[in-house]
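The values are calculated or read from the model by the stated rules, or taken from the named source; none is laboratory data. Since the model is a prediction, treat every value here as computed from it, not as a measurement. Heads up, the Cβs are rebuilt from the backbone with ideal geometry, glycines too, and the neighbour counts pull from every protein chain shown.
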Amino acid sequence: MNIHIISILVSKDLSLFFRKRAIIILTFVGLIFYLVIYFVMPSSVDENLKIGLYSPVSLPVFTQIDEEGLEISPVESEEMLKEAVLDGSYVVGISIPVDVAEKLSSNQKPRVNLYFTPDAPQEIKDAMEVVVRELAYMQTGQPLAFDVSEEILGQDMTGTLIPPRDRLRPLLAIFIIMMEILGLSNLISEEIERRTAQALLVTPTTVTDIFIAKSISGIGLAFVQAVLIMAIIGGMNRQPLIILVSLLLGAALATGVSFLISARARDFMSVLAWSFPILIILIIPSFTVMFPGAITGWVKIIPSYYLVDTVHRAANFGSGWGDVWVNLLILFGFTAAIFWAGIYILRRKFQ
Amino acid sequence: MSDYAIVAEDLTYCYGDLVAVDHINFKVARGEILGFLGPNGAGKTTTINILTGQMKPKSGRAILLGMDVAENVKKVKVDIGVCFETTNLYEQMTAIENLNLFARLFGIKSFDANVLLNRVGLEGRGKDRVETYSKGMKQRLMVARSIVNQPQILFLDEPTAGLDPTSSKAIHNIIIQERERGATVFLTTHDMMEADKLSDRVSFMNQGRIVALDTPLNLKQQYGKRALKAKVITPGGKLEDREIALDTAETPGSVKELFSQENVVTIHSKEATLEDIFIKITGRGLVE
């Protein structure tokens, strides 16, 4: 490994990257597009509390309530109620048991189930129990003994309600990082197909020097752009160190993927053909943040899920190292595996 | 210090079952130009790749400047220059940027790309991107890049293939200048005229083996047939060719008879070309 040679190669790679018009246009238009989308998204949350109610017995006061900030809609079954909460139609779902009347008449405590969205704030969870008791009081004219059980559907993200534009942060970060896959894959595949790598390898440059330089260029480009955009949209205000580490691992993951793609691709068109399906897969996890509950647990097999989830938790909920270390560990594992596989396959092409 | 710049000892390389280089042995003296001739697929480029440390031989040793290439590949690379058969320049960079990049990789501090560009006839085009160059210009730049580090051994793989005479001549001049500087030149080519003109010795490679290695003159004397070739007008007014073999007992009589009995229009000597000799040795042409 020769630091001097590596620095020359990095400077060459960066210079070439910024001369590729197609890549620059894609990156630049992408950045502007993401920022425009971010800033046109609502910056505040809808303060009306949407509540779904499943009640097999008639409780007119629940549905006829005209309290400011409460919108209660009846739902036909408990399963439908859960689904509606999961897909974000309601912040909370209230399920009244069938035997509510019998239990009350026999002095037993009926169990009322409350279903919450993953990111429902604790204040709402606390308030809902009070609301249920208050509504029951309005219905019967007397305080009633209830057991209220709370269930979080999906992942619990206790905190404040997140404005839609802030939900976009992980999506933007991953978009920026993953877009670099295109540029870097093209740079490497050209180096192989145009045999410029061969020209480098008859100088004192080694294959290791080339790989280190490509890694530095790829990770650097993706990381710097992601950090910049996160800073512009306020994504670094909370837990900046965690965000930086996640973005760095994400950039390394993207570089590893680029190595794999460039081992297969022959020109820019085949880079596009290989990159887009992979980009789409890697971007899917960010929709779990945009649309909580829309995608189920299988998304966790996608490596980028752990980047998205960490950025979301840290940037939007202020989650600390204790909350995200498992995510970061898994992300590191995926990144190391993909990076190693990329280098192993690509190295054979260089040799 | 070894007298030989290049020593190949029993070099062998296989692509699967195909033996591309088959136990070849040769030595190239310092300051010598060796023409390495052979048809496509003969194993020339594979040999260059082994000698320049890009491939490891299956067996045998390549020794450059007294160093075993396999064991000293980094040291060897400092002292060699390679011009590849196919253009492999950074096309989105300018010629000056290309040359400066390689000069920096070789650790050369005081380097003036324009001096090299003048030598290969690319003066005034140094700041243009290589993608705007013609094939001949790119090839000249490739040659310029291969001598950035003033190599002790210069490997040129088909440097003039498909080029116009001007570009070819510019490259020939560079080869001669490099030899005058003291460099050893390993030149692979299809062009027997080029090899004949530039090489101190030529090597014929066929199907992975070296089938002949000597000076062009010795090869011609050993394998060639000298002759006189004349065009005569027959009594019927037709133009016909006559050929008289030289170096035989009958030659003087045949020459006398030609001039006394025929109406000779033109006459000139005919020597065997390297192509003729290659065909004679291998039964196949250099260009197929």
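Annotations
- Test result for B:I210, away from chain A (no Cβ under 14 Å), more than 15 Å from A:A199 (Cβ to Cβ), among the β-branched types (V, I, T) and touching a strand residue (DSSP E or B) at 6+ places or on another chain (Cβ under 8 Å): yes
- Checking each residue in segment B:101-130 for being of a type in the set (K, R) and within 13 Å of chain A (Cβ to nearest Cβ) picks out B:R104, B:K109, B:R129.
- Residue check, B:V82 out of contact with any helix residue (DSSP H, G or I) (no Cβ under 6 Å at 6 or more places or on another chain), buried (at least 16 other Cβ atoms within 10 Å of the Cβ) and in the same structural domain as B:D157 (by TED's automatic domain parsing): no
- First in segment B:82-100 and facing chain A (nearest Cβ under 7 Å), second anywhere and assigned to a loop (DSSP other than H, G, I, E, B) and crowded, with 18+ Cβ neighbours inside 10 Å, Cβ under 7 Å, 6 or more apart: B:V82/A:V202; B:V82/B:T52
- Helices (runs of 4 or more DSSP H) lying entirely in segment B:140-257 (those with 2 or more residues that are at pLDDT 90 or above): B:165-181
- Of all residues in segment A:192-227, those that are assigned to a helix (DSSP H, G or I), within 14 Å of chain B (Cβ to nearest Cβ) and free of Cβ contacts under 8 Å to residues at least 60 places away in the same chain total 3.
- Test result for A:L328, over 30 Å from A:V85 (Cα atoms), in contact (Cβ under 8 Å) with a residue 40 or more places away in the chain and in the same structural domain as A:K20 (by TED's automatic domain parsing): no
- Pairs meeting the criteria (first residue in segment A:85-112 and more than 18 Å from A:E71 (Cβ to Cβ), second residue small (G, A, S) and surrounded by fewer than 15 Cβ atoms within 10 Å (Cβ to Cβ), beta carbons under 7 Å, at least 6 apart or on different chains) are A:K109/A:A145; A:R111/A:S149.
- A single member of A:E47, A:E67, A:E76, A:E83 is modelled with pLDDT of 80 or more, farther than 30 Å from B:R129 by Cα and either part of a loop (DSSP other than H, G, I, E, B) or of a type in the set (K, R) (or both), and it is A:E76.
- Exactly one residue out of A:F287, A:F268, A:F350 is closer than 30 Å to A:F116 by Cβ, aromatic (F, W, Y) and surrounded by fewer than 22 Cβ atoms within 10 Å (Cβ to Cβ): that is A:F287.
- Here is the figure for segment B:144-180: residues that are away from chain A (no Cβ under 14 Å) and touching a Gly at 6+ places or on another chain (Cβ under 6 Å) total 4.
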